[in-house]
Amino acid sequence: MAVGITALGTYAPQRVLTNQDLEKMLETTDEWIVSRTGIRERHIAAENEFASTMGVRAVQDLVRRHPDALAGVDFIVCATSSPDALFPSTAALIGGEVGLAGVAAYDLSCACSGFVYACATAHGFIAAGIARRVLVIGAETLSKIVDWQDRGSCILFGDGAGAAIVEAVPEGYGFQSFALGADSAGGPSLYMRAVADRIPGVEKDLMAPKVGMNGREVFKFAVRVLGDSGQQALTKAGLAPADVDWLIPHQANVRIIDAARERFGIPEEKVVVNLERYGNTSTASIPLALQEAVDAGRVKDGDQLLFVAFGGGLSWAAGCLKWYGGAGAMVTGAAAEVSA
Ligand code: COA
């Protein structure tokens, strides 16, 4: 059974924090941030905005674009590292606000690899007959969990949310492969404490309840793992880098993306990059990039996409997707017939 994305929606908070604003808060410069990361500004949630409220906004955007998209949704998966609470899940909170109370819902914790993991999960649920139409969400208020005193990490992150409907699509479209992984040996390079007062490999006095990161280690890991997992996903799908119309990477750092792109020999014009305006929005970054590319008419019906992501865990996730429906496959169209 072919399973793909048939609808998308996104949200970014109104407030924009520029590198110039950061210059006033930290010992940093616009030049340093742009040259090391490519990031120029990021959106920051208001005090009363959280992962669930932003997720709701993304779902509302999805419904605005695809009015029937929520009919028949029978599972909600929200990938987030900044949930409102450990429970109720952010997925359940969003479901309750968008008219899906009672629908199965849970959060997926896999840091920035979460959106691709959630798509793989949805694919599996549908293939196994557990669900027919899954609402996949990536929603983050990283601004509330980063250490604003740590100039080496806080300059990277931003807030945002994306929502997607994953369901049956006509044969020839949809997800063709996933390559997922995680290795806690790299955990000390990117971490945030929760209940326990221990994370193996992290000294106790470094365990403030904020994101801790060793940028250099994460950088090396990311360059390696984006190339390896992307290649694994391509091989599983029987594809070569030359078949890729659009590389849609997790938007962490333009230098990391460039290194992955060069490894695949994919030309710059086939890579979707919008991190200069959003920073790293973790699980929201791939849907935010994909939505922009679809809206701009860049990603079109039948295009071959390759998602590559990495994050805390350390984790990684790549997926090949034959895009269904270009600038907006209406879920009442061919996909609904297939899933009926
Ligand atoms: N402004 C100015 N100087 C800064 C700075 C900032 N915001 N942050 C760090 N520096 C300084 C460091 O203190 C260091 O100074 P020193 O040489 O005097 O000690 C110098 O810049 C170089 O630091 P370094 O950490 O080696 O820089 P880098 O080239 O590795 O770039 C990152 C730092 C964080 C941009 C880069 O390592 C990175 O992007 N890593 C991946 C992180 C990531 O993607 N995390 C999310 C994963 S989902």
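The values are calculated or read from the model by the stated rules, or taken from the named source; none is laboratory data. Quick caveat: nothing in here was measured; it's all calculated off a predicted structure. Counting neighbours? That spans all protein chains shown, and the Cβs are built from the backbone with ideal geometry, glycine included.
Would you be able to say whether some residue in segment 118-135 is over 25 Å from Ala293 (Cα atoms), in a loop (DSSP other than H, G, I, E, B) and within 16 Å of the ligand (Cβ to nearest atom)? Can you show your working first?
Going residue by residue through segment 118-135, those that are over 25 Å from Ala293 (Cα atoms) are 124-132.
Then drop every residue that is not in a loop (DSSP other than H, G, I, E, B), which leaves 128-132.
Cutting the leftovers down to within 16 Å of the ligand (Cβ to nearest atom) gives us none.
No; the residues of segment 118-135 include none that is over 25 Å from Ala293 (Cα atoms), in a loop (DSSP other than H, G, I, E, B) and within 16 Å of the ligand (Cβ to nearest atom).
Results for (1) within 20 Å of the chain's Cα centre (by Cα); (2) buried (at least 20 other Cβ atoms within 10 Å of the Cβ), shown as yes or no for each residue.
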residue	(1), (2)
Ser177	yes, no
Leu180	yes, no
Val195	no, no
Arg198	no, no
Asp205	no, no
Ala208	no, no
Arg224	yes, no
Asp228	yes, no
Ile248	yes, yes
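In segment 42-72, how many residues are crowded, with 23+ Cβ neighbours inside 10 Å and farther than 24 Å from Val16 by Cα?
So the answer is 1.
Give Gly319, Gly311, Gly297 a once-over and let me know the one that is more than 23 Å from Leu239 (Cα to Cα) and in contact with a helix residue (DSSP H, G or I) (Cβ under 9 Å, 6 or more places away or on another chain). Explain how you work it out, then say what you get.
Values: Gly319 fails: more than 23 Å from Leu239 (Cα to Cα); Gly297 fails: in contact with a helix residue (DSSP H, G or I) (Cβ under 9 Å, 6 or more places away or on another chain).
After applying the criteria, what remains is Gly311.
Which is more than 16 Å from the ligand (Cβ to nearest atom) and either more than 17 Å from Ile145 (Cα to Cα) or touching a residue at least 24 places away in the same chain (Cβ under 8 Å) (or both), of Leu17, Leu86, Leu22, Leu26? Outline the logic, then answer.
Working: Leu17 fails: more than 16 Å from the ligand (Cβ to nearest atom); Leu22 fails: more than 16 Å from the ligand (Cβ to nearest atom); Leu26 fails: more than 16 Å from the ligand (Cβ to nearest atom).
Residue meeting the stated conditions: Leu86.
Residue-by-condition table, conditions (1) aromatic (Phe, Trp, Tyr); (2) in the same structural domain as Arg42 (by TED's automatic domain parsing); (3) in a loop (DSSP other than H, G, I, E, B):
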position	(1), (2), (3)
Gly152	no, yes, no
Ile199	no, no, yes
Val202	no, no, yes
Asp205	no, no, no
Glu217	no, no, no
Ser229	no, no, no
Leu239	no, no, yes
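Quick one: which of Ala252, Ala222, Ala259 is more than 9 Å from the ligand (Cβ to nearest atom) and either touching a residue at least 24 places away in the same chain (Cβ under 8 Å) or not in a strand (DSSP E or B) (or both)?
Numbers: Ala252 fails: more than 9 Å from the ligand (Cβ to nearest atom); Ala222 fails: more than 9 Å from the ligand (Cβ to nearest atom).
Answer to the selection: Ala259.
Of all residues being out of contact with any Pro (no Cβ under 7 Å at 6 or more places or on another chain) and among the basic types (Lys, Arg) in segment 171-219, which is nearest to the ligand (Cβ to nearest atom)? Just the residue, please.
Arg216
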